Each structure stands twice: as C-alpha cells, then as structure tokens.
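Written out below as structure tokens is the structure these notes cover.
The values are calculated or read from the model by the stated rules, or taken from the named source; none is laboratory data. This structure is a prediction, so every number in the text was calculated from the model and none was measured. Virtual Cβ from ideal backbone geometry, glycine too; neighbours counted across all protein chains shown.
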Amino acid sequence: MSSEATATVTGTPGAAVLVAPGGPRVRRLNLDLWRYRGQPGQLIPLLQSAQDSYGYISETAIKYISGVTAIPESEIYGVVTFYKQFRLRPLGQYLIRLCDGTACHVNDARTLRQIIEDELHLESGDTTEDGKFTLQPVACLGCCSLAPVIMVNDETYGRLTPQSLRRILRQYQKGKAAAR
C-alpha cells in the first residue's frame, strides 16, 4: 500500500491538514491549495494539481481538497467524473493511445480497437485489472501517413494490421517492448 493511501484529513472544513508522510507530491498539492484557496473556479486547478502529483485523483485527494475548500466530496466526485481529463485510477504501465483521426478511422481503427479490447479484456478508457495496460482512444496522433496508428507509451506503431497489432500486444504482455 502506498504512503499516499494512508493519508488522513483532520481539522474543520476550510482548515484541514493532510496527515501523511511529506514529500514533493504532498508539498505541491499543499502549495496549490493555498494558491487557489477561496477563489471562484478553484476546484479544476486543484484537481489538475492532484492528478499531476499522483497520476490520478485518489479518494484521499478528494477528501483532502474537500476538507480544505469545504466543497462536498460528492460535488468534487461529480466534477471528476464529468470531465474526461480526470482519472480515478492510475494509468497502466503501458498506455495504449489508439488514433481515431480521419485517416485512421477510414483505415479501420474500429477493428484495432476491438482487437485491443478483446486481447486485453478491457474497454476504451479502462485499465486492466493487473494495472499493466490502459487503452485511451485519441482524436489524432499526427501520424496520418502511417494510418492506422497506435502509441504504446512513447513508441509509435503504424500501418497496423490485425496480425501485427496482436503481435505487438503479445510482446508487451510478455513485458518486452515490441520488435519493430
């Protein structure tokens, strides 16, 4: 269990204190809480800071932000689930970005999406139970001449066929970067 998960919030609303081991992530969130304190529209920047610090918005971060800002946890959760930019779970070890721009779309990105979902047993925007893969469809990766395209972390794979995609996925499942 991470030390972040053991953090607790104490104090009254508007004067809460995060009880957790120090560290740069907690300090950064604390600084942002003071910077935006009481300003209209403070919630979005605070959620962005929490996600930048931890990689996702944890339950602890929601409680902490609620305790400091006096915004009810339910309202914060509503904002987090409304905006697609926020995540309630960490990204997988391998972030698969599937391009669905025009060039990829007409070159059957939908089939690639179905293969990824079937092979890894997940849905778009989801992370596998083992935390290894996250599938994130994107509007465009800017590699139109290579359509259809995926990126796995910072590696780009283009001119994909169902067979080449399955081969790439199997290599990552074995814990190795796919051979080019």
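Residue-by-condition table, conditions (1) among the hydrophobic types (A, V, I, L, M, F, W, C); (2) surrounded by fewer than 19 Cβ atoms within 10 Å (Cβ to Cβ):
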residue	(1), (2)
I71	yes, yes
K84	no, yes
L91	yes, yes
L120	yes, no
E123	no, yes
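Right, L141: surrounded by 13 or more Cβ atoms within 10 Å (Cβ to Cβ), touching a residue at least 40 places away in the same chain (Cβ under 8 Å) and farther than 26 Å from F86 by Cβ or not? Quick ask: steps written out before the conclusion?
On the way: surrounded by 13 or more Cβ atoms within 10 Å (Cβ to Cβ): yes; touching a residue at least 40 places away in the same chain (Cβ under 8 Å): yes; farther than 26 Å from F86 by Cβ: no.
When the stated conditions are applied, L141 does not pass them.
For residues that are modelled with pLDDT of 90 or more and surrounded by fewer than 21 Cβ atoms within 10 Å (Cβ to Cβ), scanning just the range 48-57, find the one that is farthest from R89 (Cα to Cα).
Out of the qualifying residues, it is Q48.
Note down all Cβ pairs under 8 Å where the first residue falls in the range 113-130 and is of a type in the set (K, R), the second is surrounded by 11 or more Cβ atoms within 10 Å (Cβ to Cβ), and they're at least six residues apart or on different chains.
As it stands, the answer is R113/L98; R113/D100; R113/S124; R113/L135; R113/P137, since those pairs meet every condition given.
Listed here are the residues, each with its yes/no results for (1) assigned by TED's automatic domain parsing to the domain that holds L46; (2) more than 18 Å from the chain's Cα centre (by Cα).
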position: I65; (1), (2): yes, yes
position: V68; (1), (2): yes, yes
position: Y77; (1), (2): yes, no
position: D100; (1), (2): no, yes
position: I115; (1), (2): no, yes
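Would you confirm whether any residue within the range 31-38 is modelled with pLDDT of 90 or more, touching a helix residue (DSSP H, G or I) at 6+ places or on another chain (Cβ under 9 Å) and either among the aromatic types (F, W, Y) or surrounded by 13 or more Cβ atoms within 10 Å (Cβ to Cβ) (or both)?
So the first thing to find is which residues in the range 31-38 are modelled with pLDDT of 90 or more, and the list is none.
Within the range 31-38, none of the residues are modelled with pLDDT of 90 or more, touching a helix residue (DSSP H, G or I) at 6+ places or on another chain (Cβ under 9 Å) and either among the aromatic types (F, W, Y) or surrounded by 13 or more Cβ atoms within 10 Å (Cβ to Cβ) (or both).
Yes or no: the range 94-115 includes at least one residue that is small (G, A, S) and in contact with a helix residue (DSSP H, G or I) (Cβ under 6 Å, 6 or more places away or on another chain). Before the answer, list the steps.
First, pick out the residues of the range 94-115 that are small (G, A, S): 101, 103, 109.
In the following step, the residues that additionally are in contact with a helix residue (DSSP H, G or I) (Cβ under 6 Å, 6 or more places away or on another chain) were identified as 103.
Yes; the residues of the range 94-115 include at least one that is small (G, A, S) and in contact with a helix residue (DSSP H, G or I) (Cβ under 6 Å, 6 or more places away or on another chain).
What number of residues in the range 154-172 are in contact (Cβ under 8 Å) with a residue 60 or more places away in the chain and of a type in the set (A, V, I, L, M)? Reasoning before the result, please.
Kept after step one, since they are in contact (Cβ under 8 Å) with a residue 60 or more places away in the chain, are these residues of the range 154-172: 172.
With of a type in the set (A, V, I, L, M) added as a condition, the list becomes none.
Number satisfying all stated conditions: 0.
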